[in-house]
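One structure is given below, encoded as structure tokens.
The values are calculated or read from the model by the stated rules, or taken from the named source; none is laboratory data. Quick caveat, the model's predicted, so the values are computed rather than measured. In this analysis, Cβ positions are derived from the backbone assuming ideal geometry, glycine residues included, and neighbour counts consider all displayed protein chains. SASA here: full protein model, heavy atoms, side chains in, ligands and nucleic acids out. Shrake-Rupley method; radii C 1.70, N 1.55, O 1.52, S 1.80 Å.
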Amino acid sequence: FFFHESQVTLPSLLKSAGYRSAALGKWHNGFGLGMLDWNKELKPGPLEIGFDYFFGTPQTHNEPPLVFVENHRVLALDPADPILINQQGKPHGAITGGAAAQLARPDDQIDFIMAEKAAQFFAQQTKDQPFFLYLAFAAPHGRINPAQEFRGKSAAALYGDYVEQLDHCTGLVL
């Protein structure tokens, strides 16, 4: 799925009104049409529909390629270790390559990283310019994988722990 060039989107409307904007977290709206080459620029994406900055997972956190994308590129991608997705055999495909890029996106720390990025975005804003932040945390979406410090904290098993982590990360942003 991706947007059509003629569609008015919320970030494009806000941009035309002078807002700075960022999209952080899971972006499950696609990067262009057709098969993606994760080793090249990922376009069109969030920037082409009006956001000024994007950092997050290119899909949900449980679907390959299991990396972060910043603006148009996979973060920490080593050109000598390209990402390949084999679409056969698994519902979302299987990833090979991209070891450094995958290490740069620790599964149990995604929401903490998003909270930090959100705080950085807020710190860069001024009173003179309006802003908009789209923030989509990974939790409580499956794969349920709270950080170690949240495991066993709730009375609602692992899912409850994940929700508590989400509440904590929301508090960090606020």
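Couple of notes before you dig in:
- The set of residues in the stretch 68-110 that are charged (D, E, K, R) and modelled with pLDDT of 95 or more comprises GLU70, ARG73, ASP78, ASP81, ARG105.
- Selection count where residues are of a type outside the set (Gly, Ala, Ser), open to solvent by less than 70 Å² (accessible area, probe 1.4 Å) and either in contact (Cβ under 8 Å) with a residue 60 or more places away in the chain or in a loop (DSSP other than H, G, I, E, B) (or both), scope the stretch 30-46: 7
- Index of the failed condition, GLN129 passing every other in (1) touching a strand residue (DSSP E or B) at 6+ places or on another chain (Cβ under 8 Å); (2) more than 30 Å from SER12 (Cβ to Cβ); (3) exposed (fewer than 13 other Cβ atoms within 10 Å of the Cβ): (2)
- Filtered by the rule that a residue be in contact (Cβ under 8 Å) with a residue 40 or more places away in the chain, of a type outside the set (A, V, I, L, M, F, W, C), open to solvent by 30 Å² or more (accessible area, probe 1.4 Å) and over 30 Å from SER6 (Cβ atoms), the stretch 47-91 gives ASN62, PRO79, PRO82.
- Of all the residues in the stretch 158-174, those that are more than 27 Å from PRO64 (Cβ to Cβ) and more than 16 Å from the chain's Cα centre (by Cα) number 7.
- Residue in the stretch 92-104 that is without any contact (Cβ under 8 Å) to a residue 40 or more places away in the chain, hydrophobic (A, V, I, L, M, F, W, C), in a loop (DSSP other than H, G, I, E, B) and closer than 30 Å to PHE150 by Cβ present: yes
- Within the stretch 136-174, the set of residues being aliphatic (A, V, I, L, M), touching a residue at least 24 places away in the same chain (Cβ under 8 Å), outside any helix (DSSP H, G or I) and over 15 Å from THR60 (Cβ atoms) comprises ALA147 only.
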